[in-house]
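J.: Take this structure first; my questions come after.
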Amino acid sequence: MSLRILITGFGPFAGFHFNPTQVLAAELVRRPHPAFSRVIRRSHVFPVSYQAVDHELPKLIANESPDALIMFGLAGRTKELRIETCARNGRSRLMPDISGYLPAKGRIDATGPPIVPLRSPVKRLLMAVQSTGLPAVLSRDAGRYLCNYLCWRAADAARNGGPRLVTFIHVPAVHGAHIRRGNAGAFTLDDLMQAGEAILRAVVAARPQSLPSTSC
């Protein structure tokens, strides 16, 4: 049977007029590779809006029935790719989304736990990114903005009959045609695509239908 994978990115937001994750998500559904011969890939770009996530994510899951959900987000200050291991029950009350909406409450779910793990083979994904030569780390903090909010909603969907695999990767900011890599120099957007393809191959190899729960 075919494997169905949904790949998402985000659009621009305050301070970042170009978000490389929207290009990454679109490109990864077109990349040819023998490993993808029986993989149905779909992409989607979320506006950086709480309402958009709440409205669009359930529709995407219902329409696409993905076995795996691979989410990418931009972390403007990071110097490496960060593979998130969990979602936190919190959101910023200081930074509005692109519509100007500012959450009235800090918690996402008033009765939910403080943290939930993402069902993801994070160590395998880490090794996949590192095999490309790009710096990568595991992260337990996806922030308090839309990236973390999407993680929380996706994890909740997974617990309620949604995708068997849910993973989120933060990528560095793009400056011109390059992504800064700290003191190691700069790497191109094509390098980021290479890392994304490695992540996609690792997800395919993980066989999401039989993936066990992970700990944060």
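J.: Quick one: if you stick a label point 7 Å off each Cα along the C-beta vector at residue 94 and residue 141, how many nm between them?
T.: Here the modelled spin labels are 1.2 nm apart.
J.: Sticking with this one: For residue 63 and residue 160, what is the calculated FRET efficiency with R₀ set at 22 Å and r taken between the beta-carbons, to the nearest 0.05?
T.: 0.85
J.: Using θ = phi - 60° and the Karplus relation 6.51 cos²θ - 1.76 cosθ + 1.60, list the HN-Hα couplings for region 4-9 in order, rounded to whole Hz, with x at every Gly or Pro.
T.: Values, residue by residue: 10, 10, 9, 10, 10, x Hz.
J.: If you rank 156, 190 by fewest surrounding Cβ atoms within 10 Å, what's the result?
T.: 190, 156
J.: Restricting attention to region 1-64, which trypsin sites (Lys or Arg not before Pro) occupy a DSSP loop and are surrounded by at most 15 other Cβ atoms within 10 Å?
T.: Hits after loop and neighbour filter: 30, 38.
J.: Add +1 for every Lys or Arg and -1 for every Asp or Glu among the other residues with Cβ under 14 Å from the Cβ of residue 64, and state the total.
T.: Neighbour charge sum, excluding residue 64 itself: +3.
J.: Near residue 49, within a Cβ-to-Cβ distance under 14 Å, what is the net charge of the other residues, with Lys and Arg +1 and Asp and Glu -1?
T.: Charge balance near residue 49 sits at -1.
J.: As a test, work out the antiparallel percent of DSSP beta bridges whose residues both lie in region 3-210, rounded to the nearest 5.
T.: In region 3-210, DSSP labels about 35 percent of beta bridges as antiparallel.
J.: Starting from the amide H of residue 168, placed 1.01 Å from N in the peptide plane, find each other amide H under 5 Å away whose residue is 5 or more places distant or on another chain.
T.: Those qualifying (amide H under 5 Å, at least 5 residues apart or on another chain) are 71, 84.
J.: Once Cα extents along the principal axes in Å is worked out from the coordinates, which option in [x] 49, 38, 38; [y] 65, 31, 27; [z] 46, 42, 28 does it equal?
T.: Calculated Cα extents along the principal axes in Å: the matching label is [z].
J.: Something else about it: Give the cross-link partners of residue 59 among the aspartates and glutamates, using a straight C-alpha distance below 17 Å as the criterion and excluding same-chain residues fewer than 8 apart.
T.: 67, 156
J.: Report the Cys residues of the chain lacking a disulfide-compatible partner, meaning no second Cys Cβ under 4.7 Å from their Cβ.
T.: 147, 151
J.: Net charge within 13 Å of residue 97 by Cβ-Cβ distance, Lys/Arg positive one each and Asp/Glu negative one each, not counting residue 97 itself?
T.: Charge balance near residue 97 sits at +2.
J.: Sequence-distant or interchain residues sharing an amide H contact under 5 Å with residue 142, placed H: which?
T.: 88
J.: DSSP H helices in the chain with Cα extent of 30 Å or more along the helix axis and mean Kyte-Doolittle hydropathy at least -1.0?
T.: Span-like helices in the chain: none at all.
J.: Further, regarding this structure: Across region 88-103, in residue order, what do the Karplus-derived ³J(HN,Hα) couplings come to in whole Hz, using 6.51 cos²θ - 1.76 cosθ + 1.60 with θ = phi - 60° and x for Gly and Pro?
T.: Rounded to whole hertz, the list is 10, 7, x, 8, 5, 9, 10, 10, x, 7, 5, 8, x, 6, 10, x.
Values quoted throughout were computed directly from the atomic coordinates according to the rules given, and no laboratory measurement underlies them. Quantities reported herein were computed from a predicted structural model and do not represent experimental measurements. Here Cβ is always computed from backbone atoms with ideal geometry, including for glycine, and neighbour counts include all displayed protein chains.
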